[in-house]
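Step one of this worksheet: look at the structure below.
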Amino acid sequence: MIEIVSAARCISCNICVKVCPANVFDEVADGVPAIARQNDCQTCFLCELYCPVDALFVDPAAEPVSVSETVIEESGLFGGYARAMGWKRGKPGGADADPTYRIRTFLPV
Amino acid sequence: MSAFDLDLAADVLVIGGGPAATWAALEAAKAGARVALVDKGYVGTSGAAAPSGVGTWWAPTHDARRAAAEARVPRCFGLADVESVVRTLDEADAGLRELSATEYPFPDDDAGQRYIPNLRTADYLHYMRRFVLRAGVRILDHSPALELLASDGVVSGATGIDRQRDLTWRIRAAAVVLATGGCSFGERFLGATGLTGDGLLMAVEAGATLSGMEFSAQYGIAPFDTTSDKGLVYFFATFTREDGTPVDHTGDRQTIVARALLDGPVYGQLDQAPPGFEADVRKGQPNIILPFDRAGIDPFRQRFPVRLRCEGTVRGTGGIRLADGDGATGVPGLYAAGDVASREALTGAISGGGGPNSAWSIASGRWAGRAAASFARAVGETHGSRAASSLGSRALDPAAARVVKDELLPIERNFFRTEQTLTDSLTRLDAAWSGLRLDRPARGLAALRAREAAALTATARWSYRAALWRTESRGMHRRLDAPALDRALEHSLDVSELDTIRVAAPRAEALAS
């Protein structure tokens, strides 16, 4: 589930509020977005992809867990999904280098 | 003055925001229609496809597609139809070729050929949004439709809310396309969040018929407590019990795991993966590996607990029964596309999850978009001035959603079914349907939750009524009290009505008379 909106990284662009398919975030005047409906989160990691400054962290567990921002920062996990995909600053990239066509050859027909 | 904060008119209204909805909007706009698209979520991240990554069932020529159809249809337990499959694959191919002429960045394969059957869905839907906007379609994000409207027996628009700005809207339209996706019964899996069966409820309120609803017992394997139901890697898994002994590996992957889970925890390990597979999965499907990396588990070299997530009618096959090839629901002015529609003719009693459903979303979206635009053209400009009334507004206390989860998600109730478990579940679901009914309409987010609770409960009842009727096992419909296939039941079941649900077998009746 979405666990962290890093106030240190967030620029309050509110793109996550707009793109979250589950409407998890709320805009906050003069602040960073609030995780207002965490229980609706489907752990899809899409908010991380769209965040232009890698300020969000989604834990893989489908239920709330305790996550330390310091640990995530020190482990270099912010923006990890976007880097693996090839998205940069919230914009798509990497589809042209997707080797999934090779994965298909491994699978039974 | 309008009673709605936003009062718009269009030729075609598309409800939904995934692949089928965006293809429908594009085709309708291309046919010259003024198109509005409303979605509960955000067009680009909404629906089962967006977070997942999906290969489309595809072959390069018509003859190769026919051969692929002829090879798969015999595995669909007698309910799929080669001609329907070929028509779907041909239309999906046309869509993919159009997409390959855009700036969507398909990769080249090792031979340097453009590879079009794989879509990185986060990217794909980002681009689809761009193309839909470029075609002049008006998009309303976070704006779920709550009720369909009709004028003189013809569907003529919808009303709903903007859940982020707390506004109400009405869109008058000459034709409506439902592309709201399947029903996840409240389960958590990738893309499941908005999939509460809203379109199924609106369609049946309008008088449409469903089919294939008993085939709603597809489950996906997910590692530990994640929502990651990406099944591809489990082709290469060994499953073991707590003590490390292998489970019985006969049957399909889901059944192997389901059977073993009845006895206790089950673990998986991707120890059968061929050389090179791990590197390609990491690069090509990073969201498969991401949960493992973040949990500090190496799935190729360590075992990890697995569970099954109910995928309802999303990877099941049930939905609105369509006339072949144009998305018509039988209700004038109402069309459907994607997972909200029945995929029985395409994939029968087995899951179309992945490739077949991806092809279906492209093909059925394009058909529905064109048919809706053509219907709108025939209706002409007069529709906006006719009186319109709501086709249905059934609402339940959101507590009903909990009842649906309890009855539909457990493998001992839904994956494996008996007359007894189905009857017991239906007693409780029927009690929720009548006992938790809200007579006073709610407002804003509460109105959405109440309509979702009604849609979830209705879909659960349609599914289990059909499952009770089908006294055999066929594909994903597994009756422990009737484990064999019954040749006399090799036909689809129609389901309709809200309160006293009607199950009928029109094809069987036609054969008998």
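Summed over the range B:140-150, residues that are open to solvent by 30 Å² or more (accessible area, probe 1.4 Å) and either among the hydrophobic types (A, V, I, L, M, F, W, C) or facing chain A (nearest Cβ under 10 Å) (or both) total 1. Applying the condition of being within 14 Å of B:Y335 (Cβ to Cβ) and open to solvent by 10 Å² or more (accessible area, probe 1.4 Å) to the range B:180-206 and asking which residue is farthest from the chain's Cα centre (by Cα) yields B:A206. Go over the candidates B:R315, B:R253, B:R301 one by one and state the one that is more than 25 Å from the chain's Cα centre (by Cα) and open to solvent by 50 Å² or more (accessible area, probe 1.4 Å). Of B:R315, B:R253, B:R301, the one residue that is more than 25 Å from the chain's Cα centre (by Cα) and open to solvent by 50 Å² or more (accessible area, probe 1.4 Å) is B:R301. Is there a residue being open to solvent by 10 Å² or more (accessible area, probe 1.4 Å), farther than 15 Å from B:M213 by Cβ and outside any loop (DSSP other than H, G, I, E, B) anywhere in the range B:331-339? Within the range B:331-339, one or more residues are open to solvent by 10 Å² or more (accessible area, probe 1.4 Å), farther than 15 Å from B:M213 by Cβ and outside any loop (DSSP other than H, G, I, E, B). Under 9 Å between Cβ atoms, which residue pairs at least 6 apart in sequence (or on different chains) link something in the range B:59-78 that is of a type in the set (F, W, Y) with a partner that is part of a loop (DSSP other than H, G, I, E, B)? That search, which allows pairs on different chains as well, returns B:F77/B:G348; B:F77/B:A349; B:F77/B:I350; B:F77/B:G475; B:F77/B:L485; B:F77/B:E490. When the range B:78-124 is filtered for residues that are closer than 24 Å to B:R134 by Cα, polar (S, T, N, Q) and surrounded by fewer than 19 Cβ atoms within 10 Å (Cβ to Cβ), the ones remaining, listed by number, are B:S100, B:T102.
Taking first residues from the range B:271-287 that are within 8 Å of another protein chain (Cβ to nearest Cβ) and partners that are part of a helix (DSSP H, G or I) and among the small types (G, A, S), the Cβ contacts under 6 Å between residues at least 6 apart in sequence or on separate chains come to B:P286/A:A84.
Among the candidates A:V5, A:V53, A:V19, A:V71, the residue that is of a type outside the set (G, A, S), closer than 28 Å to B:G284 by Cα and at the interface with another protein chain (Cβ under 8 Å from one of its Cβ atoms) is uniquely A:V19. Pairing residues of the range A:1-26 that are outside any loop (DSSP other than H, G, I, E, B) and open to solvent by 10 Å² or more (accessible area, probe 1.4 Å) with residues that are modelled with pLDDT of 95 or more and of a type in the set (K, R), at Cβ distances under 9 Å and at least 6 apart in sequence or on separate chains, gives A:D26/A:R37. In this structure, does B:S492 turn out to be assigned to a loop (DSSP other than H, G, I, E, B), buried (at least 17 other Cβ atoms within 10 Å of the Cβ) and touching a residue at least 60 places away in the same chain (Cβ under 8 Å)? Here the answer is yes, as B:S492 does meet what is asked. If you go through the range B:16-47 and keep only what is part of a loop (DSSP other than H, G, I, E, B) and charged (D, E, K, R), you end up with B:R34, B:D39, B:K40.
Every listed requirement among (1) surrounded by fewer than 21 Cβ atoms within 10 Å (Cβ to Cβ); (2) touching a residue at least 60 places away in the same chain (Cβ under 8 Å) is met by B:R309 save one, (1).
No other residue among B:R75, B:R97 is modelled with pLDDT of 95 or more, more than 18 Å from the chain's Cα centre (by Cα) and within 12 Å of chain A (Cβ to nearest Cβ) apart from B:R75. Once the range B:432-445 is narrowed to residues that are modelled with pLDDT of 95 or more and out of contact with any helix residue (DSSP H, G or I) (no Cβ under 8 Å at 6 or more places or on another chain), the residue that is surrounded by the most Cβ atoms within 10 Å (Cβ to Cβ) is B:R437.
Cβ-Cβ distance below 9 Å, separation of 6 or more or different chains: which pairs start in the range A:82-103 with a residue that is more than 8 Å from chain B (Cβ to nearest Cβ) and end on one that is open to solvent by 30 Å² or more (accessible area, probe 1.4 Å) and of a type in the set (A, V, I, L, M)? Partner pairs satisfying both residue conditions: A:G86/A:A97; A:R89/A:V53; A:G90/A:I15; A:G90/A:V53. The residue of the range B:48-60 that is nearest to the other protein chains (Cβ to nearest Cβ), among those that are part of a loop (DSSP other than H, G, I, E, B), open to solvent by 20 Å² or more (accessible area, probe 1.4 Å) and of a type outside the set (S, T, N, Q), is B:G53. B:R165 - would you say it is within 27 Å of B:R386 (Cα to Cα) and either among the charged types (D, E, K, R) or open to solvent by 10 Å² or more (accessible area, probe 1.4 Å) (or both)? For B:R165, the condition - within 27 Å of B:R386 (Cα to Cα) and either among the charged types (D, E, K, R) or open to solvent by 10 Å² or more (accessible area, probe 1.4 Å) (or both) - is not met. Selection of first residues in the range B:98-109 that are on the phi < 0 side of the Ramachandran plot and among the acidic types (D, E) and of second residues that are surrounded by 12 or more Cβ atoms within 10 Å (Cβ to Cβ) and assigned to a helix (DSSP H, G or I), restricted to Cβ pairs under 7 Å at least 6 apart or on distinct chains, gives the following pairs, ordered by first then second residue: B:D109/A:Y101.
Scanning the range A:32-83 for residues that are open to solvent by less than 10 Å² (accessible area, probe 1.4 Å), closer than 15 Å to B:R294 by Cβ and not hydrophobic (A, V, I, L, M, F, W, C) yields A:T43, A:E48, A:P60, A:G79, A:Y81.
Among residues of the range B:157-170 that are over 11 Å from B:L448 (Cα atoms) and within 14 Å of another protein chain (Cβ to nearest Cβ), those with a Cβ under 7 angstrom from a residue that is polar (S, T, N, Q) and open to solvent by less than 20 Å² (accessible area, probe 1.4 Å), sequence gap 6+ or separate chain, pair up as B:Q164/A:N23. Scan the range B:379-428 for residues that are modelled with pLDDT under 95 and basic (K, R) and the total you get is 1. Remark: pairs (first residue in the range B:186-203, more than 7 Å from chain A (Cβ to nearest Cβ); second residue acidic (D, E) and part of a loop (DSSP other than H, G, I, E, B); Cβ separation under 6 Å; 6+ apart in sequence or on different chains) = B:F189/B:D229. Does A:G31 satisfy the criteria of being closer than 20 Å to B:I297 by Cα, of a type in the set (G, A, S) and assigned to a loop (DSSP other than H, G, I, E, B)? No: the conditions fail for A:G31. Per the listing B:W469, B:W462, the residue uniquely within 26 Å of B:D198 (Cβ to Cβ), modelled with pLDDT of 95 or more and buried (at least 21 other Cβ atoms within 10 Å of the Cβ) is B:W462.
For the range B:364-411, the set of residues classified as more than 22 Å from B:L146 (Cα to Cα) and in a loop (DSSP other than H, G, I, E, B) consists of B:L409, B:P410, listed by residue number.
The values are calculated or read from the model by the stated rules, or taken from the named source; none is laboratory data. Here the structure is a predicted model, which means the values were calculated and not measured. FYI the Cβ positions are ideal-geometry reconstructions off the backbone, even for glycines, and counts take in every protein chain you see. For the accessible areas, the whole protein counts, side chains as well, though only heavy atoms, and no ligand, DNA or RNA atoms are used. Shrake-Rupley method; radii C 1.70, N 1.55, O 1.52, S 1.80 Å.
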